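Trainee: Quick one: structure below, then a few questions.
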Amino acid sequence: MWRKLIVHNYPWKLCALALAIITWLVIHQRVIPDMEFMSVHEYASLPVRVLRLPNDNRSYEVTPSTVTVALRGPSFAVKKLHETNLEVFINLTSEENADLVSKRVEVVVPSSVEVVRIVPSRVTIRLTPSPAPEKPSGKFTR
């Protein structure tokens, strides 16, 4: 009885077993490694840039001027990143009239990578009004 059950349609059973093994190998080699090899990398002392409007002539002082950013993603993507590829900035495009402003630090990274943490997550900006432009005196000197 058991022998008949095993021997019946033997070629089809071998094909099914071979197909199952091939499917398992493909999934194991292509899909699972991408999920298993996620890595976290920290980038320290990244300078914070200021995004501002073109007509904004105020001077500013950012405190602290550098941050540490931790990123997570596929190890091949995180390893390819260099500090110069990361955009760390604060957005000052909104009209701020205060002398002292606290802003959230933002980081632009590739789509396959995510920001885990930013330390510190907020920075303080001391804004100084731009000096008034000098009016021409009307006198020309040579």
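Trainee: Of everything in segment 72-85, what is outside any strand (DSSP E or B), under 15 Å from V107 (Cα atoms) and not acidic (D, E)? Give them in sequence order. Give the derivation first.
Mentor: First pass over segment 72-85, keeping only residues outside any strand (DSSP E or B): 75-85.
Going one step further and asking which of them are under 15 Å from V107 (Cα atoms), we end up with 78, 81-85.
Across segment 72-85, the qualifying residues are V78, L81, H82, T84, N85.
Trainee: OK, next. Of all residues in segment 91-114 being surrounded by fewer than 14 Cβ atoms within 10 Å (Cβ to Cβ) and of a type in the set (A, V, I, L, M, F, W, C), which is farthest from the chain's Cα centre (by Cα)?
Mentor: A98
Trainee: Quickly run through segment 7-20 and pick out the residues that are surrounded by 10 or more Cβ atoms within 10 Å (Cβ to Cβ) and either in a helix (DSSP H, G or I) or touching a Phe, Trp or Tyr at 6+ places or on another chain (Cβ under 9 Å) (or both).
Mentor: Scanning segment 7-20 gives K13, L14, C15, A16, L17, A18, L19, A20.
Trainee: State which residue pairs qualify: first residue within 14 Å of K103 (Cβ to Cβ) and inside segment 47-76, second residue of a type in the set (K, R) in any location, beta carbons under 6 Å apart, and separation of 6 or more residues or different chains.
Mentor: Going by the 6 Å Cβ cut-off, the qualifying pairs are E61/R126.
Trainee: Sort through V50, V69, V88 and tell me the only one that's over 19 Å from S111 (Cβ atoms), part of a strand (DSSP E or B) and within 21 Å of the chain's Cα centre (by Cα).
Mentor: V50
Only the coordinates and a few stated rules stand behind these numbers; no lab work does. Treat the numbers as computed from the prediction; the structure is a model and nothing was measured. Heads up, the Cβs are rebuilt from the backbone with ideal geometry, glycines too, and the neighbour counts pull from every protein chain shown.
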